[in-house]
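Down below is the structure, laid out as structure tokens.
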Amino acid sequence: MNWDDLRIVAAVRDEGTYAGASARLRIDETTVGRRLARIERALGLRLFEAVDGVRRPTRQCEAVLAHIEAMAAHVADIGKVGESLAGLTGRFRIASTSAIAEELLAPRACRLLVPNPGLALHFLTSSENVKFSRWGADLAIRLRKPDKGDFTISKLAEIRLYLFEPAAAPDFEPAICSYPDDLDLTPESQFLKARGLQQRARCITDNVRIIKTLIQTHRAIGILPEHSCEELLSDRGLRATLLPRRRDVWLLVQNHLKRDPAARAVIDWVRDCFEEFSKA
């Protein structure tokens, strides 16, 4: 069944002639007759009878028309979907680390979602870089600038980093937290290495929350980004040292989204989430 063909059945019923249906639908009269014949063959039914020069629907046709009218109502409703949704529409996949999604994006997500019921955000969280292909993610927030790629890249912010140590001289050897070897080029790893701490690390993880949990015990040493440690900076049991280097944060956007109004709104929202750090 073809919806364009089924519309012809309703038009012939309403106009009473092939010519009338032809003028209403702006198609050739012979096309009207040919498509009706095709539907009749497919259904094994006779749809119209000629009575005094007018096409009258058969009993079987009336049953078919009841379904066609329901379909027409659904088609009309589909056309109104955009009118019923205020704001922009679209579903966007954002790849980032769990810490960024939980501490920066999620607390601010409703600023975007509430005024735009047609928008949906799909957070893809991983400590590893999600494959940024057209099928992997629409936007990605990276802590390392990619060397190359078919996408648009821009800097979001420069995040301050703090080294946390027990405030009082401990009578024990604090557990040193560090990143795995594949993150050796990060400012955190480079600082720990320069201080001779990287080699003595006994807690190896790429999960910021694990490092934070150990630091909170006042029995560990580790580095945290500023968005993860606000409450720790006022903890008198800890000594915080601002690192000389900051962690760059980069935004990657699929090129085909740059001119999409909904995508632009999501991009602007991501930038707003990092605004306080870009100005710090």
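The values are calculated or read from the model by the stated rules, or taken from the named source; none is laboratory data. Since this is a predicted model, take the numbers as computed values, not measurements. So basically every Cβ, Gly included, is an ideal-geometry build from the backbone, and we count neighbours across all protein chains shown.
Before moving on, here are some points about what is shown:
- Selected residue (only one of Lys212, Lys193 is of a type in the set (Lys, Arg) and within 23 Å of Thr125 (Cβ to Cβ)): Lys212
- Strands (runs of 3 or more DSSP E) enclosed by the stretch 1-111 - at least 3 residues per element that are within 30 Å of Ala157 (Cβ to Cβ): 89-96
- Failed condition for Gly79, given (1) closer than 30 Å to Leu113 by Cβ; (2) surrounded by 11 or more Cβ atoms within 10 Å (Cβ to Cβ): (2)
Yes/no matrix, rows are residues, columns are (1) β-branched (Val, Ile, Thr); (2) in contact with a Lys or Arg (Cβ under 7 Å, 6 or more places away or on another chain):
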site: Ser234; (1), (2): no, no
site: Arg239; (1), (2): no, no
site: Leu252; (1), (2): no, yes
site: Asn255; (1), (2): no, no
site: Asp260; (1), (2): no, no
site: Ala263; (1), (2): no, no
site: Val266; (1), (2): yes, no
site: Val270; (1), (2): yes, no
site: Phe274; (1), (2): no, no
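- Condition check for Arg108: at pLDDT 90 or above, under 30 Å from Ala263 (Cβ atoms) and surrounded by 12 or more Cβ atoms within 10 Å (Cβ to Cβ): yes
- When residues of the stretch 15-72 are limited to those that are of a type in the set (A, V, I, L, M, F, W, C) and in contact with a Ser or Thr (Cβ under 8 Å, 6 or more places away or on another chain), the one surrounded by the most Cβ atoms within 10 Å (Cβ to Cβ): Val32
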